[in-house]
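A short reminder: the numbers here are calculations on the coordinates, not readings from a lab. Predicted model, so just to flag it, every value in this text is computed and none were measured. We place every Cβ from the backbone using ideal geometry, glycine too, and count neighbours over all the protein chains shown.
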Ligand code: PBG
């Protein structure tokens, strides 16, 4: 016994069941969106060298991945296409027979319950690797919009459940919303990459998707990592334009932004746990420097604690397994 006056916070930490009783944040398998890379050649399952455990699949082998996804209880996938043909205007992005359109049809035919989120961008499809049309080495905003709209409509026609525009052109939500509505897809939601920073954490993804810019960088359209108020302006515009979800990307180093967006807006907030964040943990774990399971669960729980409703993560399959255990 002591005469000192203080609070005994440790009372609520004394056993695993007590800790579970007072736990404020929970990770659920329904929160997870799993990104998948789809290739055009047949018979392929290629591991991405900079992303251990992540593969590019051809459509004839996509069932291997999808069967596992379904078995683990994951309900949503985000599709990225790796096309054979690239050109100046990214025409494979809005080809009704393009790789994403085929992959979407395959999934919706064989796994109708799974939510297919289509990443709507041009960078995987342009030969210069930028996310829009180039004029004088500058990505032209207003000329890129119609191509993005065509891409979104083509993805919706193929059966995509959610359109996720990621190219950071101004006005893309308005343009896509209008395009979808006119094509009769007024019930397809838009999950906007509203807040997307020009981040070095996308490096491994660009290997996986073959979308490294051939000149310059993305800093004239993606955001400066130093900016917080700008994130609010981006989110405001997209909500006004009709976005149904807001993505904050990357996640780990932008949890302050996730919190502010969660507090200010009433649409579901999605944290994108990007490729570099995934690969850093994998690399450290392969060296036995960290405990992968504990680190991944801690980092995803932090995203939810910061206010994310959903998490896009390459670790979704591992997490689904760990949650089941
Ligand atoms: C397409 C796009 C990118 C990512 C998602 N959509 C690449 C980029 O902007 O360069 C990155 C995802 C990741 O790193 O996991 N624009």
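Values computed for the structure shown
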{"item": "Residue in the stretch 138-159 that is under 19 Å from the mean Cα position of the chain (by Cα) and over 21 Å from residue 97 (Cβ atoms) present", "result": "no"}
{"item": "Selection from the stretch 165-175 of residues that are farther than 13 Å from residue 93 by Cβ and within 16 Å of the ligand (Cβ to nearest atom)", "result": "168, 169, 170, 172, 173"}
{"item": "Per-region count, the stretch 124-149, residues within 14 Å of the ligand (Cβ to nearest atom) and not in a loop (DSSP other than H, G, I, E, B)", "result": "5"}
{"item": "Residue pairs meeting the criteria (Cβ under 6 Å; at least 6 apart or on separate chains; first closer than 17 Å to residue 166 by Cα, in the stretch 125-147; second within 15 Å of the ligand (Cβ to nearest atom) and assigned to a helix (DSSP H, G or I))", "result": "125/92; 125/93; 132/144; 133/144"}
{"item": "Hits in the stretch 110-119 - residues which are in contact (Cβ under 8 Å) with a residue 24 or more places away in the chain and either over 13 Å from the mean Cα position of the chain (by Cα) or closer than 15 Å to residue 57 by Cβ (or both)", "result": "110, 111, 113, 114, 115, 116"}
{"item": "Among residues of the stretch 151-164, those that are more than 16 Å from the ligand (Cβ to nearest atom) and under 21 Å from residue 194 (Cβ atoms), counted", "result": "3"}
{"item": "Selection count, the stretch 22-69, where residues are in a loop (DSSP other than H, G, I, E, B) and free of Cβ contacts under 8 Å to residues at least 12 places away in the same chain", "result": "2"}
{"item": "Members of the stretch 197-212 found to be farther than 24 Å from residue 99 by Cβ and part of a helix (DSSP H, G or I), listed by number", "result": "200, 201"}
{"item": "Verdict on residue 181 being assigned to a loop (DSSP other than H, G, I, E, B) and more than 19 Å from residue 83 (Cβ to Cβ)", "result": "no"}
{"item": "Selection status of residue 99, within 15 Å of the ligand (Cβ to nearest atom) and crowded, with 18+ Cβ neighbours inside 10 Å", "result": "yes"}
